[in-house]
Amino acid sequence: MNWIFKRARQFYRAMKADISIEDEKYLMAHLNAEEQKLFMQMGLIDQFHSLNVAYTIERLIIQGKQGVDREFLIRCALLHDIGKINFRATVWDKVFAVLVTTFFPWLADRLELRGNRSIYIYRNHAELGGQKLQKMGLFQEAKIIARHHSPPRDDDPRELKLLRLADEEN
Ligand SMILES: [Fe+2]
Ligand SMILES: [Fe+2]
């Protein structure tokens with residue numbers, strides 16, 4: 001039930017997604033030109049979500065005084081859903097992909113095998129994003145991002161744990 005409320009809140013926020021001048025300045029401060037171009041290729045909802053994940057990360061770092069590389073982690077947050085660049089489905093297709101993947105994984109398997117593009121991209125966006133970043137030479141970021149939806153492990157790097165936490169909150 002908690003999950004449904006959380007998703008409903010996320011959905012409501014996403015519907016009002018807007019990128020401000022301040023957000024643009026933030027992007028320019030933390031991403032180089034090539035990374036910014038990549039970021040802008042995401043849909044507006046995913047851009048908005050990624051910025052919020054980065055802002056949550058900033059808060060978590062301050063609160064916990066975590067011994068992590070702040071700039072690296074912000075870059076990871078801003079680019080973590082880059083694998084969704086080709087996820088150009090309607091909002092309802094996206095909602096469907098999230099619900100089926102979460103509640104009916106067997107159906108998601110079937111639909112993916114039958115070539116349902118939204119389901120395929122949604123389910124594999126972490127790995128797809130990792131591959132994209134690897135091609136750009138962002139190997140460390142690729143490693144973290146490729147695993148942001150993988151089941152947590154005890155030996156996960158601290159950066160990955162923080163990214164998952166911030167992603168969950170947004
Ligand atoms: Fe993701
Ligand atoms: Fe995300």
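The values are calculated or read from the model by the stated rules, or taken from the named source; none is laboratory data. Remember, predicted model here, so these are calculated numbers, not experimental data. When we count neighbours, we look across all protein chains shown, and the Cβ atoms used for this are built from the backbone with ideal geometry, even at glycine.
List of remarks:
- Failed item, numbered, when Gly115 is tested on (1) assigned to a loop (DSSP other than H, G, I, E, B); (2) under 16 Å from Gly43 (Cα atoms); (3) more than 16 Å from ligand 2 (Cβ to nearest atom): (2)
- When residues of the range 146-168 are limited to those that are near ligand 2 (Cβ under 10 Å from one of its atoms) and within 19 Å of Val98 (Cα to Cα), the one surrounded by the fewest Cβ atoms within 10 Å (Cβ to Cβ): Glu168
- Residues in the range 106-121 include at least one that is over 16 Å from Glu168 (Cα atoms) and under 13 Å from the mean Cα position of the chain (by Cα).
- Selection status of Tyr26, away from ligand 2 (no atom under 15 Å from the Cβ), closer than 13 Å to Ile74 by Cα and either within 16 Å of the chain's Cα centre (by Cα) or surrounded by 14 or more Cβ atoms within 10 Å (Cβ to Cβ) (or both): yes
- For the range 43-68, the set of residues classified as aliphatic (A, V, I, L, M) and in contact with an Asp or Glu (Cβ under 7 Å, 6 or more places away or on another chain) consists of Leu51, Val53, Val68, listed by residue number.
- Filter result (closer than 13 Å to Lys84 by Cα and either away from ligand 1 (no atom under 15 Å from the Cβ) or charged (D, E, K, R) (or both)) within the range 96-135: Arg117, Arg123, Glu127, Lys132
- Unmet criterion (only one of (1) of a type outside the set (D, E, K, R); (2) in contact with a Ser or Thr (Cβ under 7 Å, 6 or more places away or on another chain); (3) more than 18 Å from Gln36 (Cα to Cα)) for Asn124: (2)
- Among the residues of the range 136-160, those that are in a helix (DSSP H, G or I) and either modelled with pLDDT of 95 or more or within 14 Å of ligand 1 (Cβ to nearest atom) (or both) comprise Phe139, Gln140, Glu141, Ala142, Lys143, Ile144, Ile145, Ala146, Leu160.
- Residue match in the range 38-55 (condition: modelled with pLDDT of 90 or more, away from ligand 1 (no atom under 16 Å from the Cβ) and within 18 Å of the chain's Cα centre (by Cα)): yes
- Subset of the range 56-92 (residues that are more than 12 Å from the chain's Cα centre (by Cα) and crowded, with 24+ Cβ neighbours inside 10 Å): Ile57, Leu73
- If you go through the range 56-70 and pick out every residue that is at pLDDT below 95 and out of contact with any Lys or Arg (no Cβ under 9 Å at 6 or more places or on another chain), you end up with 8.
- Positions within the range 36-46 being within 11 Å of ligand 2 (Cβ to nearest atom) and either under 15 Å from Ile145 (Cβ atoms) or not aliphatic (A, V, I, L, M) (or both), in sequence order: Met42, Asp46
- Qualifying residue in the range 79-96 (condition: under 17 Å from Glu168 (Cβ atoms), touching a Ser or Thr at 6+ places or on another chain (Cβ under 7 Å) and within 14 Å of ligand 2 (Cβ to nearest atom)): yes
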